[in-house]
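Read the structure below first, then the notes.
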Amino acid sequence: MSMYKRKPGHEQPYWALGQYKIRIPFVHFKLELPEIIQGIVLFTVGLSMIEIMTSVMGISYEAALTITILNQFLMLLPSIMGVPFVGGFITALIPVLILFLEGYEPGTEAIQAVIAVQIMLAVIFLLFGKTGLGEILVKTLPASLKAGILIGAGITAIMAEIQPGGRLTETPVAITIGTLLCFYMMFSLSFKALSKRKKLVGRIASFGIIPAIFIAIFIGWAVGEYPTPNVEWGITTPSFGAVWDITPFVIGFPTIEMFIGAIPIAILAYVIAYGDIIVGDKLIERVKQFRPDEKIEYTFKQVHMVTFFRSVLNALFVPHPGMAGPIFTAGTATVAERYTNGRTSMDSIFSGMNSLSIAFSIGIFFLPVVTFFQPFLPIALALTLILTGYLCITVGMQQIKTETEMGVAGVMAIVLAIYGAAPGLVVGILLYFLIQRSRQKQDGPKQQESEDEKKKIS
């Protein structure tokens with residue numbers, strides 16, 4: 001229950017703080033049990049980032065676990081401050097970020113490089129949020145370059161897992177079976193049809209890739225690819241001292257060279273994040289027509305500023321490789337879908353979004369779950385990255401229509417995947433102006449005539 005009740009057709013009650021609308025559990029919204037249960041299971045996906053922190057960034061497991069805990073609380077900010085999204089990571093950036101970090105020594109250098117990206121990303125969100133340049137940039141960015149970014153990120157993610165020395169070669173049985181299960185459960189039409197017919201299958205499908213991860217874990221343990229976990233009982237104890245020791249106040253702030261090197265990564269992160277914001281906005285616009293009992297109001301400026309705050313806090317205190325993603329798309333979509341069932345099913349869009357976010361923060365304190373997953377973190381990370389790669393490639397290909405766009409996007413993607421963000425962006429921009437732009441100017445009138453002829457025929 002909550003202290004304040006919403007009148008039909010009005011906004012969910014809140015405390016105004018400038019442009020932000022603060023909502024507190026039990027005061028402005030009630031907790032939704034289905035989202036709490038789901039969140040306590042789904043939080044385990046976030047544990048996969050520990051593998052990146054301990055291997056690529058050179059952080060101790062205790063510090064990485066504490067960073068994960070703190071980051072879960074920072075992910076509460078969007079929905080608490082009036083944005084109807086579940087906060088998340090900029091997932092498609094992660095493989096490109098890993099490639100970027102390979103140029104730095106694990107430890108102080110790699111951590112400073114992550115901090116540099118977070119600070120540059122914060123600057124971009126602040127600047128573009130205040131001026132509205134973000135919408136202009138993403139709308140004017142050629143489709144071939146958007147596709148090149150996404151396809152390149154997808155290739156990077158999959159290459160990192162399947163290349164010699166990657167996680168697939170180390171534990172082939174668990175990751176192969178887990179990947180096939182992920183693809184079947186996420187993209188198979190037959191599984192979607194089955195989930196609609198069978199209630200139990202539908203409930204399993206609502207947990208995304210978690211069931212596939214659990215099966216892969218069991219198989220990996222059964223065939224001896226992973227050891228038996230040493231499950232501990234109690235509550236997870238954060239190691240704040242270990243995290244403080246890797247903040248820029250102790251290890252020092254990034255160098256100018258690091259900031260310059262971080263700019264291309266931050267630009268890619270913003271383009272990907274803005275696309276996620278558009279997806280989230282479409283989800284909210286869709287559910288509004290089902291729920292006239294609640295008025296949902298927010299702005300893109302709010303989203304930008306909340307993400308700016310999160311990025312600054314990440315950079316100063318929580319160097320998390322997932323970055324401050326404005327939306328956890330899968331979680332937001334799940335809540336939004338249940339929201340359409342009416343007020344008796346979910347009181348407010350904010351009660352659902354906040355409940356899922358709060359559950360992420362609660363779940364990570366269950367020490368038995370955390371310690372159970374500890375030896376299996378490579379599986380969770382591998383399946384997350386492979387699935388991310390698949391999605392990036394498919395979404396990227398949907399952006400391009402002509403042969404020229406395909407060529408520009410394809411070459412850019414390969415360069416980005418092999419050499420990194422900066423060379424990829426440079427090659428993509430050069431190819432766009434040398435090939436695509438010049439060809440558009442030359443073929444423009446002919447293409448228009450051809451389109452007019454097609455219209456006459458139809």
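Of note:
- Looking only at the range 95-115, and only at residues there that are part of a helix (DSSP H, G or I) and more than 19 Å from the chain's Cα centre (by Cα), the one that is surrounded by the fewest Cβ atoms within 10 Å (Cβ to Cβ): Thr108
- Verdict on Val427 being free of Cβ contacts under 8 Å to residues at least 40 places away in the same chain, buried (at least 19 other Cβ atoms within 10 Å of the Cβ) and more than 18 Å from Leu137 (Cα to Cα): yes
- There is no residue in the range 132-153 that is in contact with a helix residue (DSSP H, G or I) (Cβ under 6 Å, 6 or more places away or on another chain), open to solvent by 30 Å² or more (accessible area, probe 1.4 Å), farther than 30 Å from Lys401 by Cα and outside any loop (DSSP other than H, G, I, E, B).
- Ser2 crowded, with 18+ Cβ neighbours inside 10 Å and in a loop (DSSP other than H, G, I, E, B): yes
Here is a yes/no grid of residues against (1) over 22 Å from Pro211 (Cα atoms); (2) open to solvent by 20 Å² or more (accessible area, probe 1.4 Å); (3) modelled with pLDDT of 90 or more; (4) within 21 Å of the chain's Cα centre (by Cα):
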residue: Gln374; (1), (2), (3), (4): no, yes, no, no
residue: Leu377; (1), (2), (3), (4): no, no, no, yes
residue: Thr388; (1), (2), (3), (4): no, no, no, yes
residue: Val395; (1), (2), (3), (4): yes, yes, no, yes
residue: Val408; (1), (2), (3), (4): yes, no, yes, no
residue: Arg437; (1), (2), (3), (4): yes, yes, no, no
residue: Lys446; (1), (2), (3), (4): yes, yes, no, no
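- Subset of the range 154-172 that is among the small types (Gly, Ala, Ser) and assigned to a loop (DSSP other than H, G, I, E, B) - its residue that is least open to solvent (accessible area, probe 1.4 Å): Gly166
- Residue that is surrounded by the fewest Cβ atoms within 10 Å (Cβ to Cβ), among those in the range 173-189 that are more than 16 Å from Ile219 (Cα to Cα) and either at pLDDT 85 or above or not hydroxyl-bearing (Ser, Thr, Tyr) (or both): Leu189
- Of the set (1) open to solvent by 10 Å² or more (accessible area, probe 1.4 Å); (2) over 25 Å from Phe259 (Cα atoms), all apply to Ile349 but (1).
- Of all residues in the range 411-418, none are at pLDDT below 85, out of contact with any Pro (no Cβ under 6 Å at 6 or more places or on another chain) and either in a helix (DSSP H, G or I) or open to solvent by less than 30 Å² (accessible area, probe 1.4 Å) (or both).
- Residues in the range 190-242 that are open to solvent by 40 Å² or more (accessible area, probe 1.4 Å) and at positive phi: Gly224, Gly234.
- Flag if Arg310 is basic (Lys, Arg), out of contact with any Lys or Arg (no Cβ under 6 Å at 6 or more places or on another chain) and surrounded by 24 or more Cβ atoms within 10 Å (Cβ to Cβ): yes
- Matching residues, the range 37-83, being under 26 Å from Glu11 (Cα atoms), modelled with pLDDT under 90 and touching a helix residue (DSSP H, G or I) at 6+ places or on another chain (Cβ under 6 Å): Gly39
- Picking from residues in the range 324-339 that are among the hydrophobic types (A, V, I, L, M, F, W, C) and open to solvent by 10 Å² or more (accessible area, probe 1.4 Å), the one that is farthest from the chain's Cα centre (by Cα) is Ala333.
The values are calculated or read from the model by the stated rules, or taken from the named source; none is laboratory data. All values derive from a computational prediction rather than experimental measurement. So basically every Cβ, Gly included, is an ideal-geometry build from the backbone, and we count neighbours across all protein chains shown. With ligands, DNA and RNA removed, areas are computed over all heavy atoms of the protein, side chains included. Shrake-Rupley method; radii C 1.70, N 1.55, O 1.52, S 1.80 Å.
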